[in-house]
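I have placed the structure first, in the form of structure tokens, so that the comments after it can refer back to it.
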Amino acid sequence: MSKNTFKSIYYLFFLLFFVFGYSQNVDLYTQVNGRYDFTFVGNTMNTAENNLSSGLVTGTSSSAILNLDPNDTVIKAYLYWAGSGDGDFDVSLNGNAITSERTFSHVRVFSPYTYTYFSAFKDITSYVQSYGNGVYELSGLDISAYEALHYTRKTNFAGWAILIVYENPSLPLNQINIYDGLQGVPESLTINLTNLNVLDNNGATAGFLAWEGDAQLATESFYINGQVLSNTLNPYNNVFNGTNSVTGSNTLYNMDLDIYDIENYISIGNTNAVIELTSSQDFIMINTVAVKLNSQLPDATITLEDYTTSCNSGQITVDYTVYNVNSTEILPANTAIGFYIDNVLIGTAATQNPIAIGGSEQNAITLTLPEGTTETFTLVADVDYNGAVTELNENNNTSEIEITQWLSPLFNALEDLYSCNLGFTKGIFDFADYEDSVKVNPDDLVSFYSTYEDAENKQNEITNTNTYEALTTPQTLYVRIENDFGCYSITSFNLITRNCPPTVYNAVSVNNDGYNDDFFIDGLRDIFTDFKLEIYNRWGKLLWTGNNNVPNWDGYVKDGIGGNKAPEGTYFYILYLNDENYPDPLTGYLYLTY
């Protein structure tokens, strides 16, 4: 059964057979603007049209010649290769290994068999710019593992093409739209061109790379804005007929590289256009579509580059640049710019001057942050946010940057610190662990000062935090907590002394040896300044009374026998501290020896 019969049955009895397929839609891949045009160079791997051949016809290599004008400069070069089967994604171009960057696939099921097709993509701009004109040979494209199966439906093919965008100073300012995917066309494929501003329709063209067309099946057409296209190689009803518009060849078997003049089908002032490819019988796969129009529009883009702020200011100053690079018209002055946090507009600006094609303008804006803005947030800038300027591309107007406010660090409250009174409210304090406990962020730096002014100025820092001596208390110490931005907070705590219970040494040996020569009570004098001490003998007679103005008792009494010297033995004391924290007197005994 012939390929023609197979395809006719497929489309006529689609609902009767369990047949289905899937593919990647042909969508916009990139857009370039300038004094540009495009062309194709490529070749089929088939030595004859598969529909008319009685055997396998697909080889693994073929070549084509690129012959640009000397004034043409290559801007972009995209290599596509395709074939029957699951895919061969590693090939060679002029002996250089090529691995695909992007791949596409298409599947058709004719139960019980599944027929797969593939296409691959590689950006080879730098190679073509270096190599220039000459012979390009693609090799190593091998579909042999799948060709026998595909021969049963006469869809065994392979081929390659390079889509080249080039610049020439004699060209008008054009917009080149490039679409790609791998989409079967059993019925139609439609591409909507939007954001146009056609100033001149002279030289407008549209072209495509398609696979698996058959010259004998005159069942397909190419439309723009509803009007059918044709040229010498491609009749209006036989578009996919194995031709190459660049070379004039009609032996590009099962492959098409066709370019059409469309200037008579698009009008000056058009803001959109519709391209449609149809096929009612011949199985076709569209891989790439390119359209050139003299559409002159600006293309505003913006980048947020850097920002500055100061501690706790609630403001940021942002540096930004507005570009008009990928454009074919000047971007007007006063193009609006909006700045957003969480989709809320917080400030606006505008371009100051007209921005030339390929030009840019730098500026800065100071923004006041809304109350409640988090410490770290994302700022979004949107140029032409109000849509006042019609652009080539309306979907590339924003830029964002993550910003951290410079805020004084958070800190934990510190409790007052207490120590025993060493006399006249002097005390020794250990607050070394406050360095860690005051910090919320462990990376912050902490330092201690005796005055607020010293803390602000970072001068006279207290370094002996383990054994700090406060000569008088209460004393306030100030803590400076500083973060990486140099922002700081200052908190404080108090050093307070309290009168600790005195320690009584109850052995008195009055022998002038320097040890226990009098009745010594540690932590008493200059602390409990109103104390009163009474000493009694064992019979309860008061022998001696002392206070802060009287020396310690050394065993002598005012009225005694033997030179007022009290005899050895046990004596008792009553110590009145006269302190609100110690309302009851302390009592005990002491032992006197000589």
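The table that follows gives values for the structure above.
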item	result
Total residues in the stretch 440-481, condition closer than 23 Å to GLU375 by Cβ and part of a loop (DSSP other than H, G, I, E, B)	5
Selection count where residues are part of a strand (DSSP E or B) and within 20 Å of PRO235 (Cβ to Cβ), scope the stretch 275-306	7
When residues of the stretch 477-507 are limited to those that are buried (at least 16 other Cβ atoms within 10 Å of the Cβ) and free of Cβ contacts under 8 Å to residues at least 60 places away in the same chain, the one nearest to ASP444 (Cα to Cα)	ARG480
Search result, residues across the stretch 136-153 that are buried (at least 23 other Cβ atoms within 10 Å of the Cβ) and of a type in the set (Val, Ile, Thr)	ILE143
Filtered residues of the stretch 248-263 (kept if surrounded by fewer than 21 Cβ atoms within 10 Å (Cβ to Cβ), within 47 Å of the chain's Cα centre (by Cα) and not in a strand (DSSP E or B))	GLU263
Inter-residue pairs, beta-carbon under 8 Å, first modelled with pLDDT of 95 or more and among the basic types (Lys, Arg) and in the stretch 86-115, second part of a loop (DSSP other than H, G, I, E, B) and loosely packed, with under 15 Cβ neighbours inside 10 Å, 6+ apart	none
Scope the stretch 264-274; condition at negative phi and part of a loop (DSSP other than H, G, I, E, B); matching residues	ILE266, SER267, ILE268, ASN270, THR271, ASN272
The stretch 411-439, residues that are farther than 30 Å from ASN548 by Cα, aromatic (Phe, Trp, Tyr) and either at pLDDT below 95 or in a strand (DSSP E or B) (or both)	PHE411
Test result for ILE284, more than 30 Å from LEU369 (Cβ to Cβ), in contact with a Phe, Trp or Tyr (Cβ under 7 Å, 6 or more places away or on another chain) and buried (at least 22 other Cβ atoms within 10 Å of the Cβ)	yes
Extreme residue, surrounded by the most Cβ atoms within 10 Å (Cβ to Cβ), among residues of the stretch 168-197 that are modelled with pLDDT of 85 or more and of a type in the set (Ser, Thr, Tyr)	TYR179
1 or more residues aliphatic (A, V, I, L, M) and touching a Ser or Thr at 6+ places or on another chain (Cβ under 8 Å): qualifying strands (runs of 3 or more DSSP E) within the stretch 482-594	488-498, 507-509, 532-536, 569-576, 586-593
THR114 more than 25 Å from GLY207 (Cβ to Cβ) and of a type outside the set (Gly, Ala, Ser)	yes
From ASN353, ASN334, ASN326, ASN312, residue being closer than 22 Å to ASN393 by Cα, touching a residue at least 40 places away in the same chain (Cβ under 8 Å) and outside any strand (DSSP E or B)	ASN326
Strands (runs of 3 or more DSSP E) wholly inside the stretch 47-162 containing at least 3 residues that are polar (S, T, N, Q)	61-66, 113-123
Residue within the stretch 37-52 that is touching a Gly at 6+ places or on another chain (Cβ under 7 Å) and surrounded by fewer than 19 Cβ atoms within 10 Å (Cβ to Cβ) present	yes
Selection status of THR205, touching a Lys or Arg at 6+ places or on another chain (Cβ under 6 Å), under 29 Å from SER63 (Cα atoms) and polar (S, T, N, Q)	yes
Residues within the stretch 583-594 that are touching a Leu at 6+ places or on another chain (Cβ under 9 Å) and touching a residue at least 12 places away in the same chain (Cβ under 8 Å), tallied	3
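The values are calculated or read from the model by the stated rules, or taken from the named source; none is laboratory data. Worth saying up front: this structure is predicted, and the values here are computed from it rather than measured. Reconstructed Cβ throughout: ideal geometry from the backbone, glycine too, with neighbour counts over all protein chains shown.
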